[in-house]
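The values are calculated or read from the model by the stated rules, or taken from the named source; none is laboratory data. Remember, predicted model here, so these are calculated numbers, not experimental data. Here the Cβ positions follow ideal geometry from the backbone for every residue, glycine too, while neighbour counts run over all protein chains shown.
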Amino acid sequence: MDSRVGACWRCGRPGGTKCAGCELARYCSSACQEKDKFRHEVECTNCAVQHKCFTCSMVTRDAKKCSSCEKGWYCSQACQKADWGRHKSSCRETQQKIVEVATKLRHQFSWMQKKQKLDSFPYYWGNSPALDLIKIDQNEGEYPDKMAVLLAGVGNLRNVMATVAGLKPSFDGSVHFVLNDNDRQVLARNVFFLHFLWKYKGEEKVAQQLTQIWYSVKIAEEEATMAQESLTELLSLPGGTDTLCGGRVTMSAEQYSQIRPVFELWLSLLTGEMMLQMTPQEQHQLAYQKNEQGVTNFYDSIPRRHQASAEDWFNNGILLPKSDARRKRACHDNVTLAAWTPRLLHGEMPTRHHAVTAQYVGDIAAGINNGVSFSEWDYLEVKAKYHQKNLLKMYSHYIADVISRFAEMFDKGHVSCHVILADCLSLQAHLPDNTVRFDRIFTSNVSDYINYPVLLETLRPLLRNTKSVIITESINWTLYFPAEEVIPPLEHNMSLWQDLFHHAIEDLRHEPDRPGWAKGQADLYTTLNNASNTSIVEYLDNGDLFNQYLRAALLAHKCPGSSHPVFSTKDVPKMSEVRNVSGMKMRNFLTELNTVCPSRYRINARRVNLLNGHERMLEWTLPESDDHPHVA
């Protein structure tokens, strides 16, 4: 379901013909439909409009699912009743599985609530591709004059940049972003980036320079000087400051005072007043040495034409190809990647000339599963614009272009940002204007740690109207099921694995831009074989498991331990309850496409993005009949 509304599910051009099986997928031609046959098979099965009755075998559009297990299909109540003797054992087994998952989830969510902070170091880079969170012209008609987007618990600027870069050149309205995170170091870096663009606005290379500061562990003298000047200016602002960048960025004076020590640390490292025991580049290399097997797997499971440049990245951590003259000038440590150790995070600041034991410098930005720079931007979009063998060249050009387009809109006053340092569940109290309402609220994968009904209940009052959307993402949901249910073990299911592997090769063989794979299927086979289980994930049918997860999460929410010490199968909610929870309506991914983001990504076509194949994004809206007190 990685397709935009109205677009061909294979090539992305305007779609025409509907798939007869699901009447959801669209294709611009029979050729595209044939190329997409293998990939679409699982989606088509789940979204089919006709089903065979489990009792009488009649194929009909009127068949209904068993609401208890969401697996059996029946054309009538009579047929369902007749089949109950056979069906009841598997039906009750499914309900019991949901109870078991709910038990695990209740413990997990309770533990995370007590922990309060997800990790002891900041996530300067994200673990999924940037999203254009608006697309109003595509899905909902004209742009409103004033729009507002909330990134709750997601301090990273990549989604802001991608959204603004996606606006039409003719756009003359405004977009207000609220950036919320509970880590002051993440927010300090965002404020620094915005101020950097504002201070050096109009300079020809500022987008390229910010790209290097954002993603490289070594930067040039000129970039280090500019960073030092920008930090000095940020620290020279008088107490009580709550407005920056000519009014385009706001933050409460009290919260700004909390991020000032981060600027002080970075500046003192730039000037040499303090030192790191290990440079960012050394930390970067050490992090990957510790995960050598993961790095090797990454090399082997991406297109072979990219392997040399990927190895260059892991060895050096500089987002520039060796052929770029700027690479030779990158001799300064990028201190904005520095982070305080847990000791310092608890308020104990280092003194001057103290050697800071920043054990997370580099490591915070280099975790193989969530910190590779290539993970933050959609590989399909990057290569569509800058197709190169060298990943470093592709990404540095692409990111600089996105930043440049953002900087232009930011300079013209079409974009403003408010920064909130707080837990996402309490951010409403920190909004400067109690009447502000949002067209989009994105929560990344916060729902992996805070149950999605809690998020929806908290954020629902902040929606503008019934066209507004809350997006929740689930990445870790498969951890609550036995591994063999998520992906059948190869040793016991070799024929299935071989069949799906063949499908993967056939699917990718039709990709239009494979100049490095011209020798045929050999490279495809090697790449996908090295990718192992993840190469077959998108061809496996685990939709039922995801539905079970959603029901279990809702069960954990609606039956707290104080009143339900032990869950009962009688309390298991139906999917109809999931789709209408906390006063919100879930866009049914089995009958309609998400309007803002894909409900799931194509994995093999994005091997460079390091997706695990289990990402699911849900869109939630206000019911059409909702008399929402804050609807504008």
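Filtering region 54-73 to residues that are touching a residue at least 60 places away in the same chain (Cβ under 8 Å) and either touching an Asp or Glu at 6+ places or on another chain (Cβ under 8 Å) or over 21 Å from S89 (Cα atoms) (or both) leaves E70, K71.
Can you say whether L427 is surrounded by 19 or more Cβ atoms within 10 Å (Cβ to Cβ), of a type outside the set (K, R), over 17 Å from the mean Cα position of the chain (by Cα) and not in a loop (DSSP other than H, G, I, E, B), as far as the supplied structure shows? Give the steps one after another, and end with the answer.
Values: surrounded by 19 or more Cβ atoms within 10 Å (Cβ to Cβ): yes; of a type outside the set (K, R): yes; over 17 Å from the mean Cα position of the chain (by Cα): yes; not in a loop (DSSP other than H, G, I, E, B): yes.
Here the answer is yes, as L427 does meet what is asked.
Of the residues G166, G173, G153, G126, the single one that is at pLDDT 90 or above and within 24 Å of T458 (Cα to Cα) is G153. For region 357-408, residues that are at pLDDT below 90, of a type outside the set (A, V, I, L, M) and in contact with a His (Cβ under 7 Å, 6 or more places away or on another chain) total 1. Of the helices (runs of 4 or more DSSP H) lying entirely inside region 443-533, those containing at least 3 residues that are modelled with pLDDT of 95 or more are 452-459. The lone criterion from (1) within 22 Å of E577 (Cβ to Cβ); (2) in a helix (DSSP H, G or I); (3) touching a residue at least 60 places away in the same chain (Cβ under 8 Å) left unmet by M112 is number (1). Within region 268-281, identify whether any single residue is free of Cβ contacts under 8 Å to residues at least 12 places away in the same chain, surrounded by fewer than 18 Cβ atoms within 10 Å (Cβ to Cβ) and within 21 Å of N190 (Cβ to Cβ), and answer yes or no. No; the residues of region 268-281 include none that is free of Cβ contacts under 8 Å to residues at least 12 places away in the same chain, surrounded by fewer than 18 Cβ atoms within 10 Å (Cβ to Cβ) and within 21 Å of N190 (Cβ to Cβ). Would you mind stating whether V581 is touching a His at 6+ places or on another chain (Cβ under 8 Å) and either under 29 Å from N159 (Cα atoms) or surrounded by fewer than 17 Cβ atoms within 10 Å (Cβ to Cβ) (or both)? For V581, the condition - touching a His at 6+ places or on another chain (Cβ under 8 Å) and either under 29 Å from N159 (Cα atoms) or surrounded by fewer than 17 Cβ atoms within 10 Å (Cβ to Cβ) (or both) - is not met.
Residue pairs whose Cβ atoms lie under 6 Å apart, separated by 6 or more positions or on different chains, with the first residue in region 567-594 and assigned to a helix (DSSP H, G or I) and the second acidic (D, E), are M575/E70.
When the helices (runs of 4 or more DSSP H) confined to region 253-350 are screened for residues that are within 21 Å of G155 (Cα to Cα), modelled with pLDDT of 90 or more and hydrophobic (A, V, I, L, M, F, W, C), those reaching at least 2 such residues are found at 253-271.
Under the condition of being among the hydroxyl-bearing types (S, T, Y) and part of a loop (DSSP other than H, G, I, E, B), which residue from region 2-60 is surrounded by the fewest Cβ atoms within 10 Å (Cβ to Cβ)? Spell out how you get there, then give the answer.
At the first step, the residues of region 2-60 found to be among the hydroxyl-bearing types (S, T, Y) are 3, 17, 27, 29-30, 45, 55, 57, 60.
Now drop any that are not part of a loop (DSSP other than H, G, I, E, B), which leaves 3, 29, 55, 57.
Details: S3: 23, S29: 15, T55: 20, S57: 9.
Out of the qualifying residues, it is S57.
Going through region 189-236 one residue at a time, which ones are in contact with a His (Cβ under 9 Å, 6 or more places away or on another chain) and not in a helix (DSSP H, G or I)? Answer for region 189-236, where residues must be in contact with a His (Cβ under 9 Å, 6 or more places away or on another chain) and not in a helix (DSSP H, G or I): V217, K218, I219, A220.
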